[in-house]
Amino acid sequence: MLIYYYMIPDCSYLKDQNYILAPEGTAEGLLQQYDFQQNENGFWYKIPNHQEYEIIMKGWPNYDIIFSFDHKPVYKPNSEQPVIFHDSASKSESIFHEHPEFQEKPEIQGTSTGNVLCIIALLLLCLSFLSFIVSQNDEFILPGIGAILLSCILTIIVRLRYPENLFGKILFGIHVLIFILLILAMIEVILECVQCLNSC
């Protein structure tokens, strides 16, 4: 099986390790652009996300796959002309009838689901800060803390369930930064309290 991964042609797929292996001589900058990593032996590889894995498994092992920004994945059986899975029901039915291994599987909507969870987490984070700003007599402090905790939980779920989600990576970095700032603020408060006690 060969995988034409966007601008990187002639990649191979190692099923046991679940790696897309780039061919030798590919420009390093291009590999880094598509999130390929280099192992200790100098080979460049990429672990496909959930959706890419499902696409690869539909064609494994007798079909080459072409990933493109312009259309859906293209399957190339036995070095013949590429067969594109169009939305047309008649064409899809004929392809699936001739190739039972291409029967539709439930698609994992990793990107869209991860983005929805990230949006909810971001809204909760903004809501928590808003509650701290408008709170009087500390009546909104506990709901604000709860919103922050829930936002953190959703962000962690996205990072674990959809590790390739860029929105999740950014939001996780924001939470880490907030956590560091809170620790610094707590240290500052403790130092101020110690200084007050010493002055007494």
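In this structure, the amide hydrogen of TYR19, modeled 1.01 Å from its nitrogen in the peptide plane, lies closer than 5 angstrom to those of LEU14, counting only residues at least 5 positions away or on a different chain. Backbone phi angles across region 186-195, fed through the Karplus curve with coefficients 6.51, -1.76 and 1.60 (θ = phi - 60°), yield HN-Hα couplings of 5, 5, 4, 5, 4, 5, 5, 5, 4, 5 Hz in residue order; Gly and Pro are listed as x. Taking a point 7 Å out from the Cα of GLU192 in the direction of its Cβ, the residues of region 115-136 whose backbone N falls within less than 17 Å of it are 133. The slack in the chain from SER12 to GLU28, taken as 0.36 nm per residue of separation less the alpha-carbon distance, amounts to 4.1 nm. Note on GLU54 and ILE183: their simple-model spin labels are 3.8 nm apart, each label 7 Å out from Cα toward Cβ. In this structure, SER112 and VAL176 have a Cβ-Cβ separation that, at R0 = 25 Å, corresponds to a calculated FRET efficiency of about 0.50. Charge tally for LEU122 (other residues, Cβ to Cβ under 15 Å; Lys, Arg +1; Asp, Glu -1): +2.
Since every read-out is calculated from the coordinates, none of them should be taken as a lab result. These numbers were taken from a predicted model, which means no experiment stands behind them. Please note: Cβ atoms are built from the backbone with ideal geometry, for glycine as well, and neighbour counts cover all protein chains shown.
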